[in-house]
Amino acid sequence: MSSKLSAVLALICILWIENTNARGTVHVREDGAIAQVLKNYDKYAYPGTTEQPIVKVWHGLSLEKMDYVGRKSKMTIEVWFELKWNDPRLTWSGTPARIRLPMSVIWTPDVVLFAHPNTKPLFNPNVVASRNGDVVLIPDAKYETKNCTQKNDDVIECKFKFGSWTYGADEIDLQAISPGMKLETYTENTEYQIVGTSAVREARKYDCCPETYDDIVYTIQIKPR
């Protein structure tokens, strides 16, 4: 190897080492906040505290598609469903303002469609947590119900009831985000038109348990075109 080539290779090695040392350890903006909030975090414990044992959970549905099969009295909907709550363990100071975390690493409300509680989201997105502890989760899902009845003027009314599977009203205060389903991203059905939607919060007692349980009943009213 010539002395000139050796000198060039030596210079490249020196520059590479200096560049590596100059860069040092890379600190991603979210590293510190994520490490802080997940340290000793127990995802199996709901975020109720001694001072505030009841966690307010907001629930909403944004309708994407709707289909109704008259001979089966069955309605199927595709929705983005939105959950919001506050978890005081997911708080930090400084930057960043928000972090993203997999659903699997934190506590999430077990709000389900009672008629089909095993329905799974079509997509499992990250949750977005703000530094004040506010958490937002927006998966999408497909739900169906046979709780449909014929009303006057050819109007068909179908109901979807959502609620927590295990948490009573003494632990979760379930509230509707809006008075009905959101229709901003809805794709019109060619056979039926939606003439109304509503979201009504109710409190019920069941034979199994002494406490009451909150639920939200979403109603969709349709009629043939």
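Collect the residues in region 183-225 that are closer than 14 Å to VAL79 by Cα and open to solvent by 70 Å² or more (accessible area, probe 1.4 Å), keeping them in residue-number order. Residues satisfying the conditions are LEU183, GLU184, THR185, THR187, GLU188.
Restricting to region 66-86, what's the tally of residues that are of a type in the set (Ser, Thr, Tyr) and at pLDDT 95 or above? Write out each step before concluding.
Let us first name the residues in region 66-86 that are of a type in the set (Ser, Thr, Tyr), namely 68, 73, 76.
Restricting the remaining residues to those that are at pLDDT 95 or above gives 68, 76.
Residues meeting the conditions: 2.
Among residues of region 89-111 that are touching a residue at least 40 places away in the same chain (Cβ under 8 Å) and more than 13 Å from TYR44 (Cβ to Cβ), those with a beta-carbon under 7 Å from a residue that is open to solvent by 10 Å² or more (accessible area, probe 1.4 Å) and basic (Lys, Arg) at least six positions away or on a different chain give the pairs THR91/ARG131; TRP92/ARG131; THR95/ARG29; PRO96/ARG29. Would it be correct to say that ASP110 is in contact with a Lys or Arg (Cβ under 9 Å, 6 or more places away or on another chain), under 27 Å from THR212 (Cβ atoms) and of a type in the set (D, E, K, R)? Answer is no for this residue.
Do you know which residues across region 96-134 are aromatic (Phe, Trp, Tyr) and either open to solvent by 40 Å² or more (accessible area, probe 1.4 Å) or modelled with pLDDT under 95 (or both)? So that I can check it myself, show each step before the final result.
We begin by selecting, within region 96-134, every residue aromatic (Phe, Trp, Tyr); these are 107, 114, 123.
PHE114, PHE123, listed by residue number.
Restricting THR190, THR185, THR149, THR145 to residues that are within 18 Å of HIS59 (Cα to Cα) and either modelled with pLDDT of 95 or more or among the polar types (S, T, N, Q) (or both) narrows the list to THR185. Among the residues of region 162-182, just one is surrounded by fewer than 16 Cβ atoms within 10 Å (Cβ to Cβ) and among the aromatic types (Phe, Trp, Tyr), namely TRP165.
The values are calculated or read from the model by the stated rules, or taken from the named source; none is laboratory data. Here the structure is a predicted model, which is why all the values come from computation and not from measurement. All Cβ positions, even for glycine, are placed from backbone atoms using ideal geometry, and neighbour counts span all protein chains on display. The protein model used for the area step is the full one, side chains on, heavy atoms only, and it has no ligands, DNA or RNA in it. Shrake-Rupley method; radii C 1.70, N 1.55, O 1.52, S 1.80 Å.
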